[in-house]
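Colleague: Dropping the structure in here first, questions after.
The values are calculated or read from the model by the stated rules, or taken from the named source; none is laboratory data. All values derive from a computational prediction rather than experimental measurement. Methodologically, a virtual Cβ is constructed for each residue, glycine included, from the backbone with ideal geometry; neighbour enumeration extends over all protein chains shown. In case anyone asks, the SASA skips ligands and DNA or RNA and just uses the protein heavy atoms, side chains included. Shrake-Rupley method; radii C 1.70, N 1.55, O 1.52, S 1.80 Å.
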Amino acid sequence: MENLNSYLLVSAILFSIGTIGVLTRKNAIVIFMCIELMLNAVNLTFVALSRYLGNLDGQIFVFFVMTVAAAEAAVGLALMIAFFNNRESIDVEDISLMKW
């Protein structure tokens, strides 16, 4: 392993970018992409630590995280399509109004 700290630094930077994106953006699709970025940052950390420690536990968790990410994308996009059909917008401030 070349340098664990560099992988962890890249992971922290990606996670921070994702967090800032979730907190500042209003477009739901962009928020979903930022969540995916945060999940991939966690995956990078799992793989780097797994390789550094010499066991496969972290790499197994990556498969679970990828499964959750795929489910989140499928359900989230279906909700966005349904919302867009009703409101013709995917702005998250409009989504907060649950009254139809």
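Colleague: Convert 20 °C to kelvin, take the viscosity as 1.002 mPa s, use the Kirkwood radius over C-alpha pairs of the chain as Rh, and evaluate the Stokes-Einstein diffusion coefficient in µm²/s, rounded to a whole number.
Modeller: So the translational diffusion coefficient is about 142 µm²/s.
Colleague: Continuing with this model, one more query. What's the carbon and sulfur percent of the chain's accessible surface, probe 1.4 angstrom, rounded to a whole number? Write out the running numbers ahead of the final one.
Modeller: Values: 4880 of 7000 Å².
C and S fraction of accessible area: 70 percent.
Colleague: Using only the alpha-carbon atoms, how far is helix 57-87 inclined from the longest principal axis of the chain? Give it as 0 to 90 degrees, nearest 10.
Modeller: The angle comes out at about 10 degrees.
Colleague: Quick one: accessible area per residue over the chain, 1.4 Å probe, rounded to a whole number of Å²? Can you show the working numbers first?
Modeller: Details: 7000 Å² over 100 residues.
Computed with neighbouring chains in place, this is 70 Å² per residue.
Colleague: Listed highest first by mean packing, meaning other Cβ atoms within 10 Å per residue, what order do 41-49, 6-14 come in? Can you show the working numbers first?
Modeller: Values: 41-49: 19.1, 6-14: 14.8.
Ranking, from highest mean packing down: 41-49, 6-14.
Colleague: Roughly how many Å² of Met80 are accessible to a 1.4 Å probe, to the nearest 10?
Modeller: My reading of the accessible area for Met80 is about 20 Å².
Colleague: What do you reckon, how do Arg25, Arg87 stack up by accessible area (1.4 Å probe), largest on top? Display every interim value, and only then the final one.
Modeller: Numbers: Arg25 125, Arg87 85 Å².
Largest accessible area first, the list is Arg25, Arg87.
Colleague: Between the helical axis of 4-24 and the dominant principal axis of the chain, each derived from Cα atoms, what acute angle in degrees is found, rounded to the nearest 10?
Modeller: 10
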